[in-house]
Structure formats: structure tokens, C-alpha cells
Amino acid sequence: RLHDPDVDPDLLDTTAALFTVANGWVGVRGALEELTPTVHAGTLLAPVLEEVPLEYGERSYGFPGRQEQVLAVPDGWAVRAEVDGSALDVSIGTTHGHTRTLDLRTGVLRREVRWSAPHGGTVAVTTSRLASLRRRELVVVRYTVRAESAAHVALRLFPCCDRSPLRAHADDDPHVRPAYVADDGSGSRTVTTCSHTATSGPAGARAWTVQHVPSSAVDLAVAADVRVVGPGFVATGEHATTVSADLRAGDEVTVELLVAFTAARQRAGEPSDGGAAVLAHAQQVLDAARSAGHDALVAEHRDALAAALDWADVEVDGDPQLQQAVRFALLHVLGSAALGEGTGVRAKGLTGLGYHGHTFWDADSYVLAVLDHVLPDAARSHLAWRHGTLPWAREHARVLGGAGAAFAWRTVTGPESSGYWPASVAARHVDADVADAACRYAAVTGDAAFEWEAGTELVVETARMWVALGHHTDDGAFHLHGVTGPDEYTAVADDNAFTNRMAARNLRAAVELTGRHADAAAHLAVTEEERTAWRRAADAMTVLVDPDTGVTQQCAGFLQRRRWDFAGTGPHAYPLEQHHTYAEIYRRQVVKQADVVAAHWLAGEDVPVDQQRRDLAHYEAITVRDSSLSSPPHAVVAARVGWLALAHDHVREAALLDLHDLEGDVVDGLHVAALAGVWVGLVMGFGGLRTARAGDAGRSTTGRGQEDAAGDPLHLAPRLPAALTGLRFGVRHAGARLRVEVEPEKVTYRLLDAPSRPVVLVHHGERVVLTGQETTAVRGVPPLGDVGPAPVPPPGRELRRPAPRPS
């Protein structure tokens, strides 16, 4: 449980993200049902966005002209409670006790408050809230008021615009915008219609609001179905549904509230139906939910989450704080993606409006690395969304002067939404990240249909971009110039190590997949000459290693730059980008987030461990972690090279980043990639997990598993730090499920399915075969040997180790 034993009204905006309930389609932040004190952006709906002009001091060719921004929507679940004429507000009156708890097993947020009106009675209010994992448009709320002294109670429910209007990004104040008109250039981009049904009476009522966003042609409907249990009379008015009750001491009244959130985007050229379709769908959702009943809705949601978490759970012995944190992380990773079909996984999930609700490359590399194993349907949905954005990616590649597909660095539906051109134009590694995610998903799940239908096209189109972007020099080497890697403190550089390694994998995967799927290759007009060019570029890809130090250069000339003056930089001067010009930062050896180290994590299968250790020693000492994306890759590589305590510290920082608000920005939403990175650090780091997939260096490029009829092996090299005494997790490989149980001196592998062919593991280099007859294997953990002292982060940027909190 995530427990808040004494809710502080002044911290509600900060803690709202932590107490979000979400399912990938709708997210309800941890605002109080009374909406006072105010928490901005209480409800987010994945498809609802607006488009706004991007303004530049100086515009240049290829800069995106518009930006997509996710909007908050009407809350629908808001309740204004009045006790003897006074509005229930925990910042006034007398609050005798106030707690809330997010159950990490059921995904249900519960709240209890005892409150006395300034001039009236005392009541105890109990609420519960969930975003259904069975019915993606549905939020289920129960609001109970028990009178501790005689009191008149009025509960007013406002699904309409005057309580929770469409709101823009987090810098704006909430306000109502005039609506259902076209954008007239004045900034009024939304229209709201408000309606209530005439059906009301002693048992319940139904109300709705329909809204339209002209700039993005999105219609949405929020419909609320109210049922009352206990004494009370229900009435509907123009703007609210009201439940009134005269309660004696000990009496209680309960409102069961079902809220449907539906949305759809008009197709170009189609006439508007005024939101009739989304409203009709919302009514259908409510009809079905009301027929099922509150208890059944809670039970089916609980069962759906249990089915996911029973498999996804990672058990950690020896660090109780980390154990709870990884369960918190998994719940929110699932909530960011579980039912988000048709949309991508956002950097903040549905927990806040940070980054305007955009999707970045970390969704493909960090979050899908987890979803592939714990919720593969959600991983497939994200990749299907990426595949659906190919028309935008092809046009973007054309604008950039290339070929194939160039995916947006940040987007909601596909178009580039970044005005930061060193990233949106130059951070081309995103294309290899998408291709790698497609290959990894197919290898983990065994989803051959996806690989044929969409995966091959994603890989081929991105491979075409690399050949157009790069070039061979006279010595035959292949170079990629003018690119920005993951580290945004080094931009528009030549031969970025991460970009080049991932591009080489992308090119090899294109060769392999077009050899395996000749019909798909023919459909994509792939020629043998093109495949030869891909193979030649991959084999000649430049990765620069400094001859004096033996350290991999992050980019050409990087190790010749002057180091940043860490000792002379005070703690108030971080993040560096907020206190120093990029011109100053770009000239120095300083790293915002993992780059060379991330390359070893994702594409380091052919890099000797000694090289990875040498590189980590260098880059650990100059990485300031001004991004939440650094710790997971550093954890994986530190565990791989034997610096286990350092890996443990990195995993803990990722795990506690949001729970302890280490960056002071949780008000904008959770860091979903960092939360996924907790699983990454534990399973890929201490579990040593590596999945062989298309594009791995050294694999056959003419077929699959030529030397082993059982197919590509699953690599595992478990080893625990001294602080941990056990680690248990589940993984998938080619569709089969395995449970891995790690102890300090031994590892047990259990095959949970009966696959049609053997499952081949590689345990610390030893080949292990599991079959339907031999489902279990136990192997020892080899001694580590002397790996030398672990490096430390830069002075002033030490890894943070917050102490456990009471709750």
C-alpha cells in the first residue's frame, strides 16, 4: 500500500500523481472528490489533445509549425458535499483525521476523513476510486457519508463544464473556454455543451457533457450515472445532480458513481455529428456497467489486475523499501499502458501534464522492455501505434532530406512536436529505438504475425533512413554525422556511439527480417542491392575508441574536451541546462543521461566486459543525472561488470525518484521510464537478462537459429549484491514463460508452460535446455573475482539514498 496517514492540503498538487488510478486510456489523479483544495488537471484521457502553433524567434526550414498538447477533461466524478449548508473543505472547518491509501494489489484508491462543519454537524466520509482494467472507458467511484451527529447533507455532482472544464497545459490556470466553434485565431479552441437527462428520482440519475476540440477534431463525452443507497432524494438541474438527505446520528448515505470517458477523432472530410457518436458510446458503457453492478465491477477489475501482477511481480529479499517501491512502479507502468490501444505510452503516463503528454523514445527502450515480459498485449498496442504513425515518419524523413522513416522525437499522434531542433531534427536514434523495440517484442513473445505484418516494415523503413543519412569514407568506414544521442548535453555531433551501435543493429535486423520474410520484402520493394548496402553499412559502422585510454568516445572528439568543473558547481546549479547556456555545456565533458552506457545496455552483446567496465568507470564520473533516464542503464551495466553495490544504489534511486520527489517535479507527473527502469535494473541488471533478437551482432543474417533447432537462446547471468538475499521474477522467451529464483549462491529456472520445442537458456555462458519433461534447472552462481573499486558519480551529484518513510 501507498499510505498517506495525514493528508496535507498544501501538498495535494504534489502528491496527486502518486495517487493516480489509471488504465492507459483514462487516468484520475489523486485529487479529492470535492475538488477543494484545487488539484490541477484531475482527469486525463489519452486521445484528447489540442494543436497549438509553435512560435520561434527565427524559423528555419523543417521546423515543426504546430505542437500537440494533451488536455485535461471534465472530471465527472467530482462531488460537492455540504453539511448543514457548509461545503466540505478540509482546509476549513475541523478535520479530525484524514487518510488515503492506494492499494498496490488492487489499484483502488481509498480515502477516509472525519470533518466538522464550521457551524454544523460532524460526518465521516469514506470514498473509493478505480479506473477499470476490464472496461477502459469506465471509472468507478463510491462516496459514503455517515453522520456522527444529526446533519443535513447535500451531495452535488458536477460532470459538466463549470466544475472541470477542458484545460490546457500545466502552466495555465483552469478556465472555461467558449466552444463548438472553429478556432477564430483568438485562442479559443474548445467548445462545451452541457446537458442532463430528464430521468431522475429517488434512486438515481444520469448526466453528461459533450465537448469538441476543433484544432485536433477530437470529440469527447463524459457521462455519469448516479445511484443512491440509503436515505436521500435525487434531483437533476441544469448544471448538477443533487442528492439530499436528513441524517440522524449513525445514518449514512452512499452514492455509487459510474463515469464513462469516451473520445474519437473526426476523420478529415467527414461532417461533425456534434458528439453524438461518443455520447452514444458513453451511454452504452454506462448501461453495461450499471447492469453488472458496483461489486461485480470492482471484482472484475481486481481480477484483471491480479492476473497481471501475479505474473509481473518482482520479489526482493533484503531491502523492504525497494520491495514496496518496485510494486508501486509496476502498478504505474501497467496503468500507463494496459488499455491504451490506439495511443502511445507517454513519458508521464496519465499522471500529469508534464511534457504536454508527449511520447518519447524512452517508451520504446525502457517501458516496452518491461511490457514485453509482463503485459505483451500493451507492448503490441504501442508498437501498432508506432506503425500507424509511419506516414508522418516518412514525410519527416523527406523533409530531413533522407529516405525511409524518421520518427518524431516527441509526439502525441505522430507529428513532431518539439521546437528544440537539435533533438527533433538530429536525435535520429529514436528510429533505431523503435526498430529495436519491434525486434525485441517479437523475440520475447514469439509473435510471428506481428513481425510479418508490422515489425518488418518498421525495421526496413528505418534502415533506409540510416543509409540515406550516413556515408562511407575512402577507407570504407561508415559514419553518421550531425546527430544527437540520448545525452542532450552533447548535440549535433559526429559518430555518436549510441546512435551508431543502435543503427548497426537496425541495419542487421533489416537484412535478417527481409531474408526471413521474402513476401514482406517484396511488398516493400526491397532489392538485393539494398540488402547488400545495409549489410555493408552495419559491418563498417564507426564506433570510436580512444587509443590512449581505451575508452569508447561518446562522439568524435569527446574525450579531448575539457571536463566540467564539478567541484566548482554548487548544488543549486543543477540541472545544468537551467543555469548554463548550451554553448557552454556542449563544449565540456559532461553527460546529462546515459549514452555510451545505454549503448552497452541495449546493444552491448559483442562488447567485452572489460571494455564495458572501462567505459562505465569513465562515464559514471561525468554523468550528472539531470535526467531520470540515467540510473537504469548504469544499474544494468554496473551489475554486468561486477560493481553490484553501485548497481543497487542506481536501482534504488530510480525506485525512489518519484516516491521521495527527488527532483522536485512530481507535480507534473511520474517518470514512467524511470519506474520501468526499476524492473530493468533488477531483472536485466541483477538477473542478467538479455534476449537475443534480430539485429544482434554475430547472429546469422540469413535465417533464424541455424545452429540450434530450439532457436535463439535467452541469456541470464544472475548475481546479487551483498544487500539482497533473494530475487524472484518472471520472463518470457519466444512465447514461453519462465520463473527465475535467484539466491546468493544458486539460481533455479522453472519453465511454466509446455512449449512445442525446447527453451534454451545460457546461464553465465553455460547452455541449459528446458523442456516439457525437464522443466526445472538449478545452477550455481560462479565467483565474481576481483573487479576493482567501483567508480563514483561527480562531486555534488552523489547517488541519493533516502531513508525509509514510516508509510
To the nearest 500 deg cm²/dmol, what mean residue ellipticity at 222 nm is calculated for the chain from DSSP H runs of n ≥ 4 alone, each contributing -39,500 (n - 2.57), summed and divided by the residues?
-8500 deg cm²/dmol
The range 62-139 versus the range 308-383: alpha-carbon centroid distance in Å:
24 Å
Just subtract the alpha-carbon distance of Arg536 and Val399 from 0.36 nm times their residue separation and send over the number in nm, one decimal.
46.7 nm
How large is the dipole of the chain about the Cα centre if only Lys and Arg carry +1 and Asp and Glu carry -1, each at its Cβ, rounded to the nearest 20 debye?
940 debye
Given N residues in the range 480-544, what is its alpha carbon radius of gyration divided by 2.2 N^0.38 Å?
1.31
Under a 1.4 Å probe, counting only protein heavy atoms, Asp303 has an accessible area in Å², nearest 10, of 90 Å²
Say a site is exposed when it is one of the GluC sites (Glu not before Pro), sits in a DSSP loop, and has at most 13 other Cβ atoms within 10 Å; what is then the longest site-free stretch of the chain?
239-706
Which parts of the range 568-592 would a label at Asp494 reach, counting a residue when its backbone N lies under 17 Å from a point 7 Å out along Cα-to-Cβ?
587
Write down the Å³ per residue value for the convex hull defined by the alpha carbon atoms of the chain.
168 Å³
Between Asp273 and Thr771, the FRET efficiency computed from the C-beta separation at R0 = 56 Å comes out, to the nearest 0.05, as 0.50
Where the only charges are on Cβ atoms (+1 Lys, Arg; -1 Asp, Glu), what is the dipole of the range 216-275 about its Cα centre, to the nearest 20 debye?
160 debye
Of all the stretches in the chain, which is the longest one without any exposed loop site, taking trypsin sites (Lys or Arg not before Pro) in a DSSP loop (any state but H, G, I, E, B) with at most 11 other Cβ atoms within 10 Å?
268-807
Mean Cα-pair separation over length for the range 723-772, i.e. relative contact order, pairs under 8 Å, 6 or more apart, %:
25 percent
Express the Stokes-Einstein translational diffusion coefficient of the range 509-560 in µm² s⁻¹, to the nearest whole number, given a Kirkwood radius over alpha-carbon pairs, 37 °C and a viscosity of 0.692 mPa s.
247 µm²/s
Below 8 Å between Cα atoms, with a sequence gap of 6+, how large is the relative contact order for the range 1-143 in percent?
24 percent
Gap separating the Cα centres of the range 468-521 and the range 634-669, nearest whole Å
29 Å
Per-selection Kirkwood Rh - the range 14-144 (Cα, Å, 1 d.p.)
16.9 Å
Taking only Cα atoms, what is the 0 to 90° angle, nearest 10, from helix 456-469's long axis to the longest principal axis of the chain?
60 degrees
Chymotrypsin sites (Phe, Trp or Tyr not before Pro) within the range 1-100: DSSP coil, no more than 12 neighbouring Cβ in 10 Å:
Tyr56, Tyr61
Contour excess over end-to-end distance, with Cα ends at Val609 and Ser60 and 0.36 nm allotted per residue
193.2 nm
Over the range 625-783, what relative contact order in percent results from Cα pairs under 8 Å that are six or more residues apart?
17 percent
Amide H partners (placed H, <5 Å) of Glu148, local residues excluded:
Thr122, Val123, Ala124, Gly250
How far is helix 528-539 tilted off the main Cα axis of the chain, in degrees rounded to 10, range 0 to 90?
80 degrees
Using protein chains only and a probe of 1.4 angstrom, how many square angstrom of Trp421 are accessible, to the nearest 10?
120 Å²
By accessible area (1.4 Å), largest first, His472, His373, His396 order as His472, His396, His373
For Thr748 and His572, calculate 0.36 nm times their separation in residues minus their Cα-Cα distance, and state this gained length in nm to one decimal.
58.6 nm
Provide, for q = 0.21, 0.23, 0.24 Å⁻¹, the log10 of I(q)/I(0) from a solvent-free Debye sum over equal Cα point scatterers in the range 453-503.
-0.80, -0.89, -0.93
Distance-filtered residues of the range 83-108 - backbone nitrogen under 20 Å, label point 7 angstrom along Asp303 Cα→Cβ:
105-108
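The values are calculated or read from the model by the stated rules, or taken from the named source; none is laboratory data. Fair warning: this is a prediction, and the values are worked out from it, not measured in the lab. Every residue, glycine among them, receives a Cβ derived from its backbone with ideal geometry; neighbour counts consider all protein chains shown. SASA here: full protein model, heavy atoms, side chains in, ligands and nucleic acids out. Shrake-Rupley method; radii C 1.70, N 1.55, O 1.52, S 1.80 Å.
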